[in-house]
Amino acid sequence: MQKLVRGIREFREKVRPGYKEKFAHLALRQAPDCLFVSCADSRVVPNIVASTDPGDLFVVRNVGNLIPLCDPSGIPGVDTGEGAAIEFAVLVLNVKDIVICGHSDCGAMSALHSGQLPAGAPHLQAWLRSGRSPLEEVARELHFREGISPVNRLSQANVLRQLDHLRSYAPVRERVDAGTLALHAWWFDIGEAEVLAFDEERRSFEVVGG
Ligand SMILES: [Zn+2]
C-alpha cells in the first residue's frame, strides 16, 4: 500500500503538471477509438504496451482475457460485465477497433491446461469454465513459433477463440459486417517485452511492425 501512496504522490508532483490540460479536456467527455480486452495479470500494462495516453483506450481486464459467449437470442447470461462493456464501447463510444490481448505464461491458461485450480475458488472455476471451449481445435489450425510452450500455444489459441465469442454479440457482428469495426488478436510476450499480432495469412502471431 505504501508503494501505491508513494506512486500517487509522485504522480501529483511529476506527472500531473504535464497532463493537467489533457485531463481537464477529458473531464468533459471520453472518445476512445479502441476497446482493449486484456488479462488482469499485473505484468500486462495496456497503456505501456500500446503507447497510449489517457482517453485512448476503453479497457476491460479479467482473468484470462475471456469474453463469455453471447446467447444466440441475445439474452444476458450470468456474466454480464463483459457484455455490458462491449455494448457500451460499440453502441455509445463507437469504437472503431477491438483488440483482445493475451500474454505468455498466463495463470488462467496454465489452470486450463493442467485442469488444476485452487481449492475454495468457485468463482474462478465457474469463470474459467466459460473459457474451456475446445481450444485444441483452434490450435490445430495455427502455426507456432518453434519451442513455444503448450500453455503459450493454448494462450494464443484462446485469443482467437475469444474473437469468435466477440462476434456472438449482435452489435459487434453488425458493425464488423458493415466494415465500421475491426477485430484484432494480440499477444504480449512478457519475457521479450514484445507485442505480437495475429497474421491471418500466415496463421501465426508475428511481431507488430517487425
Ligand atoms: Zn493471464
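Mind ranking 167-174, 137-144 by how tightly packed they are, going by the mean number of other C-beta atoms within 10 angstrom, highest first?
Details: 167-174: 15.9, 137-144: 13.2.
Ranked from most to least packed, the peptides come out as 167-174, 137-144.
Among 149-162, 192-205, what's the highest-first ranking by average C-beta atoms within 10 angstrom per residue? Write out the running numbers ahead of the final one.
Working: 149-162: 21.6, 192-205: 14.6.
Answer by packing, highest mean first, reads 149-162, 192-205.
Taking a point 7 angstrom from the Cα of S204 along the C-beta vector, which residues in region 144-161 have backbone N less than 12 Å away?
144-148
Could you give the length gained by full extension between V15 and D53, i.e. 0.36 nm per residue of separation minus their alpha carbon distance, to one decimal place?
Details: separation 38, 0.36 × 38 = 13.68 nm, distance 1.24 nm.
Full-extension gain reported as 12.4 nm.
Find how many whole Å separate the alpha carbon centroid of region 1-33 from the alpha carbon centroid of region 153-185.
Value for the Cα centre distance between the two parts: 32 Å.
Taking only DSSP H segments of four or more residues, each worth -39500 (n - 2.57), what value at 222 nm results for the chain once the sum is divided by all its residues, to the nearest 500 deg cm²/dmol? Display every interim value, and only then the final one.
Working: 9 runs with 79 residues, N = 210.
That comes out to -10500 deg cm²/dmol.
Please compute the length gained on full extension between E192 and I148, using 0.36 nm multiplied by the number of residues separating them and subtracting their Cα-Cα distance. Could the numbers behind the result be given before it?
Working: separation 44, 0.36 × 44 = 15.84 nm, distance 1.29 nm.
Working it through step by step, the gained length comes to 14.6 nm.
Which angle between 0 and 90 degrees, to the nearest 10, do you get for helix 150-166 versus the longest principal axis of the chain when only C-alpha atoms count?
For 150-166 against the chain, the angle is about 80 degrees.
Which residue, G191, G83, G147, tops the fluctuation ranking in a GNM of the chain built on C-alpha contacts under 10 Å?
Sorting by GNM fluctuation, first place goes to G147.
Please tell me the relative contact order of the chain in percent, rounded to the nearest whole number, where contacts are Cα pairs under 8 Å and at least six residues apart. Provide the component values of the computation, followed by the final result.
Values: 284 pairs, mean separation 45.1, N = 210.
Reported relative contact order: 21 percent.
Since every read-out is calculated from the coordinates, none of them should be taken as a lab result. Since this is a predicted model, take the numbers as computed values, not measurements. Note that we place each Cβ from the backbone using ideal geometry, even for glycine, and neighbour counts take in every protein chain shown.
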